[in-house]
Amino acid sequence: MTQIDQNTNMRSALQTDSEMRTLYPLVIALFLSYLTISAPLAVIPLYVHDNLNLNNFWVGIAVGTQFVATVLTRPYAGRIADQISAKRATLQGMIALLVAGSIYMLAFFLPTSISIKFMILLVGRLAHGYAESLLVSGHLTWGLGLVGQARAGKLLSLTGMAMFGALAAGAPLGLWLFELYGFAAVALLILILPLFSLMIDGYIRATQPHSGHYPPLKHVIRYVWRFGLILALQGVGFACIGTFVALYFKQQQWQYAGYALTFFGLAFVAVRIFCGHLTDKVSGFSLVKYSLMIEAMGLFLLFISPRVEIALVGAVVTGAGCSLIYPALGVELIKGAPAQIRGTAMGVFSAFQDIAYAIYAPVFGLVALYLGYPSVFIAAGCCALVGCLMNIYTRKFAHNS
């Protein structure tokens, strides 16, 4: 190797290290912002069920409303990130979190009827979903602009670690604040944490949007939907755990309801840490196949669990199974997506998971109402197995196209 080649490789390595160092504060800011999304996740069902005295169907509506807003605003968020500025989309999402926290405060303190409080709460959930959409689409597009497609797997793995690490920390934090100080303390947390994220991201350089033809949204959906449907079927398990595990534990008179979500998140992050590098080296479709099987096993354990220890193991296995599905599918999707629409494509792709949350939270609320809480976990396990079949079809399509 010549001296020129060695110098070129050294400069490339230094540039890569610099790009990755820039990515870490971006991920930290996402983690802090996503704490404001995960902290209310276990609290909202308890607040609606116990404080507002509404049944499980309305619990599902309260949880699912956020994800409806996220689904509807994903294309908008992707276009902002692709065509205007990924940094602007991210910061705009953080400001929307502040709006959501303010509305939650109003829902708690306003002296009015339960129905009005619930309607105000739903408005806050809509603002929260809008914020999440901008955060994720902006962050992913911004990160790809900083580190490039070759490290898309690393970006997606770190992004998932931030989001589900926030889930692991946010669920018990939200429950702890709720039990000690009430719903207003959770709303206050949502008002404080985005301010730190804004300070961190404000100093990270913006990236320029890619030039080129921007196809109609329907063309992007046509490319993405197969990948997205697998993600939606995978997301049913998390939707059921996030929405019903606290109520399930309470019904069974088990302790450690918050720790079920914590163990789910810790297993998720651990697999990302030790196996996340596989998403850039191994076929994403192969990783997805085995991951969905593991997720189904964990959900079946939750279904049959006779005591709390088995249920917690089920949460761990489910988290491990869910861990690599998003980045593995995302890498396969990005391989075929033009650079100028990657933000929109990833936004639409992520929206399918939100669709699972938006639809299955109220639907499974009815299932829980009539068949009991364990039934939602067996149904979610079956969805994961259907995802395995869809993965085989999508792999064949990708190879033939």
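Have a look at G153, G145, G165, G138 and point out the one that is at pLDDT 85 or above and either acidic (D, E) or surrounded by 20 or more Cβ atoms within 10 Å (Cβ to Cβ) (or both). That would be G138, the only listed residue that is at pLDDT 85 or above and either acidic (D, E) or surrounded by 20 or more Cβ atoms within 10 Å (Cβ to Cβ) (or both).
A356 meets the conditions (1) surrounded by fewer than 19 Cβ atoms within 10 Å (Cβ to Cβ); (2) in a helix (DSSP H, G or I); (3) of a type in the set (A, V, I, L, M) in every case but one. The failed one is (1). Would you point out which residue out of L121, L46 is of a type in the set (A, V, I, L, M, F, W, C), over 21 Å from C240 (Cβ atoms), more than 19 Å from the chain's Cα centre (by Cα) and part of a helix (DSSP H, G or I)? Step by step, each of L121, L46 is checked, and only L121 is of a type in the set (A, V, I, L, M, F, W, C), over 21 Å from C240 (Cβ atoms), more than 19 Å from the chain's Cα centre (by Cα) and part of a helix (DSSP H, G or I). Taking the condition under 15 Å from P45 (Cα atoms) and not basic (K, R), does F196 pass? So F196 does not fit the description; no. All told, F196 falls short of being aromatic (F, W, Y), under 21 Å from G381 (Cα atoms), in contact (Cβ under 8 Å) with a residue 60 or more places away in the chain and in a helix (DSSP H, G or I). Residue pairs whose Cβ atoms lie under 9 Å apart, separated by 6 or more positions or on different chains, with the first residue in region 217-231 and closer than 16 Å to I392 by Cβ and among the basic types (K, R) and the second modelled with pLDDT of 90 or more and part of a helix (DSSP H, G or I), are R226/M390. If the condition is being over 21 Å from I359 (Cβ atoms) and either in a loop (DSSP other than H, G, I, E, B) or in contact with a Cys (Cβ under 8 Å, 6 or more places away or on another chain) (or both), then region 237-287 contributes Q252, Q253, W254, Q255, Y256, F268, K281, V282, S283. Every test in (1) in contact with a Cys (Cβ under 9 Å, 6 or more places away or on another chain); (2) surrounded by fewer than 16 Cβ atoms within 10 Å (Cβ to Cβ); (3) aliphatic (A, V, I, L, M) is passed by L233 save one, and that test is (2).
Name the residues in region 270-285 that are surrounded by fewer than 19 Cβ atoms within 10 Å (Cβ to Cβ) and either of a type in the set (K, R) or over 22 Å from the mean Cα position of the chain (by Cα) (or both), would you? Within region 270-285, K281, V282, S283 meet the criteria. Within region 312-366, the residues that satisfy the criterion of being in contact (Cβ under 8 Å) with a residue 24 or more places away in the chain and β-branched (V, I, T) are V316, V317, T318, I325, V331, I334, I341, T344, V348, I355, I359, V363.
Within region 379-391, is even one residue surrounded by fewer than 24 Cβ atoms within 10 Å (Cβ to Cβ) and within 30 Å of G138 (Cβ to Cβ)? Looking for residues that are surrounded by fewer than 24 Cβ atoms within 10 Å (Cβ to Cβ) and within 30 Å of G138 (Cβ to Cβ), one finds at least one in region 379-391, hence yes. For E309, the stated conditions hold: it is without any contact (Cβ under 8 Å) to a residue 24 or more places away in the chain, more than 26 Å from W58 (Cα to Cα) and either outside any helix (DSSP H, G or I) or among the charged types (D, E, K, R) (or both).
The values are calculated or read from the model by the stated rules, or taken from the named source; none is laboratory data. Everything quoted here is computed from the prediction, not taken from an experiment. Note: ideal-geometry Cβ built from the backbone for every residue, glycine included; neighbour counts use all protein chains shown.
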